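The values are calculated or read from the model by the stated rules, or taken from the named source; none is laboratory data. Only a predicted model underlies this, so the values are computations on that prediction, with no experimental measurement involved. Cβ placement follows ideal geometry from the backbone for every residue including glycine, while neighbour counts extend to all protein chains displayed. Each accessible area value is taken on the protein alone, full model and side chains, heavy atoms only, with ligands, DNA and RNA left out. Shrake-Rupley method; radii C 1.70, N 1.55, O 1.52, S 1.80 Å.
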Amino acid sequence: KAEWLAKPRRVIIDDDGCDATTFPEKKEQSIGNFYAQMLGSMVGNEFDVLTYCPCTTGLAVANRTKTGHRALASLVDLHYTNIPEVLDREFGTDPLRLAHDFARSNGYEFVINMRANDAHDAFYPVMLSDYKRSHPEFLVGTSDRRPPFGEWSAFDFAVPEVRELFKTLVCEWIDDYDPDGIMIDFHSHCLFKSVAWGGRPSQSETDAYTDMVRGIRDYAERAGRRRRRPILFQFRIPDSIPLCRLMGIDIVRWADERLFDLCIAGSDGGHYGLWRDMADFCRGKGLKFYPSVDISWMKPSPELFRRNCPEGFTGQIAAAFASGADGIYLFNMFYAKGYFPRIRRDPAALATYDKRYFVTAHAPRRVSAFQPPEGGDGLRAALYPEYPLVLSGREKHDYAIEVGDDFAA
């Protein structure tokens, strides 16, 4: 396994599954058009690993599953349709199988991505699954009684049935789709009702969640031994150890127990700590480190401060490599496919590229998944157009800006 983990993986890209669940309503529903939506744009560019997310809201999935917990609703009011049933009926396949076959035929490692607690159904009601409708007691709130933190439709992982469903789905993927790795994307989602209502996760809640993760990892280890090829685990977490603890993610314990191999830090929901600090943490724990480079939701006015442009993406990537990262992880970047030819595995190749650097590339979430700690707790200060700093008198303000160039040279 050590040899497999040491293999260079410089550029990982995630497909969020919208090529199947939000397929253009007027386009012919075919395998060729499925690939044309997102995956086909990878070919000929410098990618190493594809992570594919068949998990939509509420742990409902787009692939075939014995649990019956499948996502089939369409956002017709937004001119999208959901095509997994068509793929199954007309072609005898599903989105996850197609992603697997694409990765294998194009020489990419294939990783299945499970979102820990996606709650887009809080603002797209049609996506609320039958399972959630049948078990409102499993959720952190209701549409009429919304918690102050996170989204009301999130699952409460203090509930044993929720943890069991999560584990069952991931173990099905291990058995049925032969992945090179499994990813769990925490992505700043709320995990516990206690946290959604302003509290802190209890030790019993944190222990129960750790036990679920440990059970999945043990299952994967046994499967890897049977097939004589390990299954690597990667977790996407907030880029701050204190914030992980606030969510109920005992990331230090998980690292000490080697429950995962690759650490992906950060998200489009906010950049809370310095990448070099996370790089130091990962090196100390024997983990591979991958900063998450994402499409930004920040308003692009004025033009000079636009994050979602080639110079902005290159600046993030260069700074990520300069922090000591083993590679980069790209999230939501299939919506910026025109940038793909500029991506480089070798950081030195970015030296002459134009870049834009920002104190804050991603605005913190308006609906935080947890109550922020008092006094900052070592979190880096934010500065962006929607959150300006008013200067007065002789007061001093310090901000960190991460860059990927050696200006002295």
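A few remarks follow.
- Within region 80-101, if we keep just the residues that are outside any helix (DSSP H, G or I) and in contact (Cβ under 8 Å) with a residue 24 or more places away in the chain, the residue that is most open to solvent (accessible area, probe 1.4 Å) turns out to be Tyr80.
- Extreme residue, farthest from the chain's Cα centre (by Cα), among residues of region 269-321 that are farther than 27 Å from Trp4 by Cβ and aliphatic (A, V, I, L, M): Leu304
- Number of the condition not met by Arg146 [criteria: (1) part of a helix (DSSP H, G or I); (2) open to solvent by 20 Å² or more (accessible area, probe 1.4 Å); (3) of a type in the set (Lys, Arg)]: (1)
- Of the residues making up region 17-59, those that are crowded, with 22+ Cβ neighbours inside 10 Å, of a type outside the set (A, V, I, L, M, F, W, C) and either without any contact (Cβ under 8 Å) to a residue 12 or more places away in the chain or part of a strand (DSSP E or B) (or both) are Thr51, Tyr52.
- Within region 254-305, being in a helix (DSSP H, G or I) and either under 21 Å from Asp15 (Cα atoms) or among the basic types (Lys, Arg) (or both) holds for Arg276, Arg283, Lys285.
- Enumeration of residues in region 232-291 that are small (Gly, Ala, Ser), surrounded by fewer than 24 Cβ atoms within 10 Å (Cβ to Cβ) and touching a strand residue (DSSP E or B) at 6+ places or on another chain (Cβ under 6 Å): Ala279
- Complete set of residues in region 207-223 that are under 24 Å from Gly327 (Cβ atoms) and touching a residue at least 40 places away in the same chain (Cβ under 8 Å): Val213, Ile216, Arg217, Ala220
- Of all the listed residues (Arg245, Arg200), the sole one being outside any helix (DSSP H, G or I) and within 30 Å of Trp297 (Cα to Cα) is Arg200.
- Pairing each residue of region 296-313 that is at pLDDT 85 or above with any residue that is open to solvent by 70 Å² or more (accessible area, probe 1.4 Å), provided the two are 6+ apart or on different chains, yields C-beta distances under 8 Å for Arg306/Pro300; Arg307/Pro300; Asn308/Pro300; Pro310/Arg342; Pro310/Asp354; Glu311/Asp354; Gly312/Arg306; Phe313/Arg342.
- Qualifying residue in region 157-173 (condition: outside any helix (DSSP H, G or I) and more than 19 Å from the chain's Cα centre (by Cα)): yes
- Single residue of region 322-354 satisfying the filter (among the hydrophobic types (A, V, I, L, M, F, W, C) and more than 20 Å from the chain's Cα centre (by Cα)) that is nearest to Phe186 (Cα to Cα): Ala322
- Some residue of region 102-119 being farther than 30 Å from Ala208 by Cα, of a type in the set (A, V, I, L, M, F, W, C), touching a strand residue (DSSP E or B) at 6+ places or on another chain (Cβ under 9 Å) and open to solvent by less than 60 Å² (accessible area, probe 1.4 Å): yes
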